[in-house]
Each structure stands twice: as C-alpha cells, then as structure tokens.
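Taken together, the values in this text are just the output of simple stated rules run on the coordinates, not laboratory data. Every value quoted in this text rests on a predicted model; they were computed, and no experiment measured them. Cβ placement follows ideal geometry from the backbone for every residue including glycine, while neighbour counts extend to all protein chains displayed.
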Amino acid sequence: MCKCFSFTEAKIWCLRSTFTKSGLRSTFTDLRDGTIMHCWVPNTRNDSKSDLLLIHGLGANALWQWADVVPQLVHYFNVYVPDLVFFGESFTTRPERTDSFQAECMMKVMEVNSVKKLSLVGMSYGGFVGYSMAVKFKENIERVLICCSGVCLEEKDFRGGMFKISDLEEASSILVPQSPEKLKQLMGFSLYKPPPTWLIPSCLLDDFIDAMCREFAEEKRDLIRAIPKDRKISNISKITQPTLILWGECDQIFPVELGYRLKRHLGDNAELVVIPNAGHAFNVEKPKEYYKHLISFLLDSHPTSTCLPSHQQYHK
C-alpha cells in the first residue's frame with residue numbers, strides 16, 4: 001500500500017518556509033569534482049553584517065538542525081546554512097569520507113558566495129568539520145563555536161571505556177538508524193530526559209527514517225568510521241581563533257570529559273561552558289541557554305578566556 005502522507009516531509013516543508021521567510025534561498029553549487037553542495041544563503045548579502053556559517057551534525061540536515069535559531073540570527077548576521085555531504089541535498093561521487101574533505105567542500109561553497117571572512121558554529125559532527133575549517137583556513141575563520149563535538153577524542157578511547165558503546169559498528173547503527181528500535185536508542189542517548197518511547201507510534205519513527213536516514217546510509221556510516229581512525233591528540237592542530245565550547249553536562253554520545261580535554265588542548269583562547277541537566281541535544285533541551293551563549297559569544301569582540309568547573313556556566 002502506497003504511503004500517501006508523510007509527517008516528516010510536511011515538517012520539512014514548514015522548515016523550508018521558515019528559512020524562506022527569514023530571507024534565505026536554496027542554492028546548489030557544483031564543485032566540478034563529482035560533488036554537489038546544497039546551501040541556504042542570504043537573498044541579499046548585507047555588507048554591514050558579519051558572515052556566519054552553521055554546520056549541522058549527524059542525524060539531521062540544515063533545515064532540521066537550525067530552523068529554531070535562523071530567524072533570530074539573520075537579524076545580526078549574513079547566515080549560511082549548508083547540508084553536509086551525504087545529508088539533505090548534498091552528495092559526492094568521490095571516495096573521501098573525512099571531516100577534512102567536508103571542510104574543504106564547505107569553504108568552496110563560501111568562496112562561490114564571495115564570503116572571505118566568517119565565524120562558524122559546528123554542532124556535534126559539524127564541530128569536527130568546523131574545527132577542520134579553522135585549522136585549514138585560519139585566515140578566513142574569525143570565531144569558532146564548537147557544540148558537543150569530540151574533536152579531542154582518540155582512537156584508543158573506544159577501547160578505554162570512555163563511551164557507553166565501544167563498538168564503532170554498533171554506534172554507527174544507532175547514529176544512522178534504520179529501524180524504529182535504533183531511532184529510540186538514539187533518542188535515549190541524545191536527550192537528558194527522553195520521552196517514553198512507547199508513546200511514539202512506530203509508524204512515525206519509520207516515517208522519519210524514510211525521509212531522513214535511508215539515503216546514503218552506508219556513506220554516513222563511513223563518515224562515522226573515519227572519525228576515530230588513527231586519531232591522537234598529539235596530531236590535532238591547535239586553532240588560534242577565539243573559541244567557545246558548549247557541552248551538555250550529561251552527554252552520553254560525547255562525554256563532557258572531551259569538552260574539558262578540548263579546553264586544555266586549546267588553552268587560554270578557548271572558553272568552556274557546561275550546561276547542567278542537559279544531554280547531547282542541549283540545543284533542544286535548553287534552547288534559551290543555548291541561544292544566549294551563542295549570541296553573546298558571536299557578538300562579543302572580546303571574549304573572556306576561562307574554563308569553569310563542572311556544573312557551572314559562564315555568564316556575560
């Protein structure tokens with residue numbers, strides 16, 4: 001029997017409307033190497049505003065992750081919201097699966113749109129990509145906001161018991177869910193207080209998976225497999241841009257210790273804010289706190305460079 005209505009597709013239609021009403025338009029950039037990048041860009045770029053790049057994480061696309069903040073951010077910035085390769089409407093025929101490759105694709109899109117200087121926000125996997133951009137294109141990247149992204153994890157951490165799920169294949173099956181059961185697991189790991197999953201009809205979960213997770217599923221798993229491969233802190237370059245690190249205190253995907261590790265790695269030019277009673281998806285659970293820290297950091301030209309003890313927050 002054919003499915004005649006999709007709640008997820010209807011939601012996506014509403015999100016597209018939100019972006020359009022916020023003054024953004026949908027664009028495609030052919031990088032002429034087998035890669036097509038989709039990005040929401042300003043209808044009219046305002047030279048008096050700074051440029052801001054928003055990079056989503058796994059399990060989402062540009063629309064799904066940023067619709068709650070785009071209408072506010074466009075008042076302050078020229079906002080650019082791309083789909084990462086293999087998400088939304090971006091894809092490649094090339095074999096590369098690293099965050100470094102994603103970073104290069106992001107920067108090419110910015111160059112096509114005549115963006116020379118920008119700040120960026122990277123959420124989860126998007127934080128890996130954003131960090132890589134800050135390393136590769138340090139003259140172009142002005143400020144960096146990393147949200148719950150285990151940039152400083154090491155391959156050995158999976159053997160050392162840091163993660164609740166130490167098997168990378170099992171982790172990728174949850175992060176790229178192909179069944180309602182896996183999606184329920186993902187919700188449980190992402191949220192500090194997940195809703196009772198028995199209340200959510202499996203047909204709605206299947207609908208979400210069909211719309212958001214089926215396409216390029218193996219390629220997305222390859223992206224996850226590439227994250228820890230040969231990764232050592234000693235090989236991770238230190239970025240020099242002013243950096244804010246935001247983390248949920250109870251993150252079960254990337255434990256908060258990785259936030260402290262990143263702060264120690266970067267030193268005095270980085271700020272760490274730990275949001276209490278929040279998990280990996282703190283942007284969903286604590287949206288007001290998230291937005292307050294985000295906008296304060298991005299609009300403040302002189303960030304304070306301190307690291308707070310656990311369970312505390314930094315207030316401007």
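Details
- The slack between GLU89 and LYS156, meaning 0.36 nm per residue of separation minus the straight C-alpha distance, is 20.7 nm.
- Amide H contacts for LEU244 (H built 1.01 Å from N in the peptide plane; partners 5 or more residues away or on another chain; cut-off under 5 Å): VAL144, LEU145, ILE146, GLU271.
- Per-residue Cβ neighbour counts within 10 Å put LEU153, LEU299, LEU199 in the sequence LEU199, LEU299, LEU153, beginning with the fewest.
- Based on Cα contacts under 8 Å between residues 6+ apart, the range 234-277 shows a relative contact order of 52 percent.
- Near the amide H of SER166, within less than 5 Å, lie no amide hydrogens of residues on another chain or at least 5 residues away, with H placed in the peptide plane.
- If you take the Cα centroid of the range 247-278 and the Cα centroid of the range 1-73, the two points sit 28 Å apart.
- Size of electric dipole in the chain: Cβ of Lys, Arg +1 and of Asp, Glu -1, about Cα centre, debye, nearest 20: 540 debye
- Using alpha carbons only, the radius of gyration of the range 7-299 set against its Kirkwood radius gives Rg/Rh = 0.93.
- Dividing the Cα radius of gyration of the range 243-284 by its Kirkwood radius returns 0.97 for Rg/Rh.
- In loop segments of the range 115-174 as defined by DSSP, the GluC sites (Glu not before Pro) with at most 10 further C-beta atoms inside 10 Å of their C-beta are GLU139.
- In the chain, helical runs assigned H by DSSP with n ≥ 4 each contribute -39500 (n - 2.57); averaged across all residues and rounded to the nearest 500, the mean residue ellipticity at 222 nm is -11000 deg cm²/dmol.
- Note on ASN43 and LEU299: with the Förster distance fixed at 25 Å, the Cβ-Cβ geometry gives a FRET efficiency of about 0.65.
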